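Please treat every number below as a calculation from the coordinates, not as lab data. What you see is a predicted model, and the numbers here were worked out from it, not measured in a lab. Virtual Cβ from ideal backbone geometry, glycine too; neighbours counted across all protein chains shown.
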Amino acid sequence: QQLRSKMPRAKRLLAFPTRPAINEELMLRVEELARQRTTPLSLLDLYRFGNHPSPAQRLRNAQFLHFELPRRIAQRVIELRDRLPPGLAEKRGIQNVMGWYAGYVEELQAFPKPMDSEQEYDFTCLLASILCDHTSIPRALAHGIQEYRADMSYEDLLLDPDRESIEQTLTGFYTARIGLRFLVEHHIVSNDAREGYSGIIASHCSPRQVATAAAADAERLCRAALGNAPTVRTIGTDKDDFCYVPSHLYYMIVETLKNSCRAVVEKHDPIYRAAALEVSPSTLLDQRIRLEARQKAFARATPAELPPVKVIVAMGEEDVTIKVADEGGGVPRSDLRLLWTFFYTTFPPSFPSSPAPLPGGRAGGGSLDENVTVTNPAGNVSAGPFTFPNVGTEPVLAGHGMGLPLSRIYARYFGGDLEVKSLEGFGMDSYLHLCKLGDKCEDIGLQVMRSPAGRDSTPTETS
């Protein structure tokens, strides 16, 4: 409650209000900050800074963030302004993100440098407010991209001369954004000294436990959106664990599972299978038919039985591999490359999701609002006095084309990867490869050291 009183902006971005245009004075300040180099940080540094910090260490961490964050955020504003083509950079969603980021710079610089524990607490409250705002950034960018591609076919998009540079810019932006969120969330959560944790880094993260939580959420989300869902079975042992960030792992698994669950429903549920035969090239008709199928699915007494989705967790000497296998029909081999573009989705963007919250009170967990989670991937952040909810409006199963690309960026952030193998006509196998980070980030492999997390969380040349 103390934190909530200091967070008047915590949910303002959900309605996508237009941020006032960046004035000339603020833009000059942003440009100057963006030209300054950021401070390199290793995973070992971050682990030490967040491992049961004393009040003096928390104050030093806050002072560092007060200095560092405006530079990193300013670089993201210039990245969007200068590297996206004018046709995209001028869209409302992109302009809003630039305005919000410039606003963060202004707020952080207006806040005095913390000099004691009370000021550190107030500054941390400001960071928590910004973090809650930050969850809606991908959704706003997705709306800008949807507007940009509105009058273009997928064939036109693939031939767009700006497509490759747009993909590279967005990949760089999202990679750096993970670093920003990591620094902020790590500091906030480190206030709660918990055994086996340093901030958001867990020394003993059980991938099967995280997968089980993600599976339950994906099932509920699919059922809330489509009226049916396959059972998700997890295979592995809870005792297998490794050093990782549970919230990152949860996000990657739940995004992959949402794709699998939807594909299985649409291929095997008789109502959706019949609707697929009626789909017209007209987007509006496509949405109408899908909506009618959804209404029929919710109206029936007993959902149709569906083949399960399997999640297999394998613990190796160097890597942890998580395989998600479904019988959702797969995709043609020629379309596999489309899965990794920010422009591609097979789901109508305005297809409605459930008007009711998920069981247990959770409202979201959609493709674009990363859940700010630590020990309980399916619930709220709990970090001592700094407790705030996941920010979401309603269940979002698909429709923005961001889930898989963002999940792969999260995997690669620590030197891992996400791959898919399609058996067209049968299903899809997704392989999430994750590097081990040592017991306490002190013995990481070369692949992790060369990853964005190992370098300094800002992989673009402007940083």
> In terms of modelled amide H atoms, which long-range or inter-chain residues lie less than 5 Å from the amide H of Asp319?
Replying inline: none
>> Straight-line reach from Lys436: which lysines fall under 21 Å, measuring Cα to Cα and dropping same-chain residues less than 8 apart?
In response: Lys239, Lys323
> In straight Cα distance, which aspartates and glutamates are under 17 Å from Lys296, not counting same-chain residues fewer than 8 positions off?
Replying inline: Glu266, Asp269, Glu278, Asp286, Glu305
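Which order do the peptides 214-226, 172-184 come out in when sorted by mean C-beta neighbours inside 10 angstrom, highest first? The partial results should precede the final answer.
Values: 214-226: 24.0, 172-184: 21.4.
Packing order, densest peptide first, comes out as 214-226, 172-184.
Please state the relative contact order of the range 63-136 as a whole percent: Cα pairs under 8 Å, 6+ residues apart? It would help to have the intermediate numbers written out before the result.
Details: 36 pairs, mean separation 28.0, N = 74.
Relative contact order here is 38 percent.
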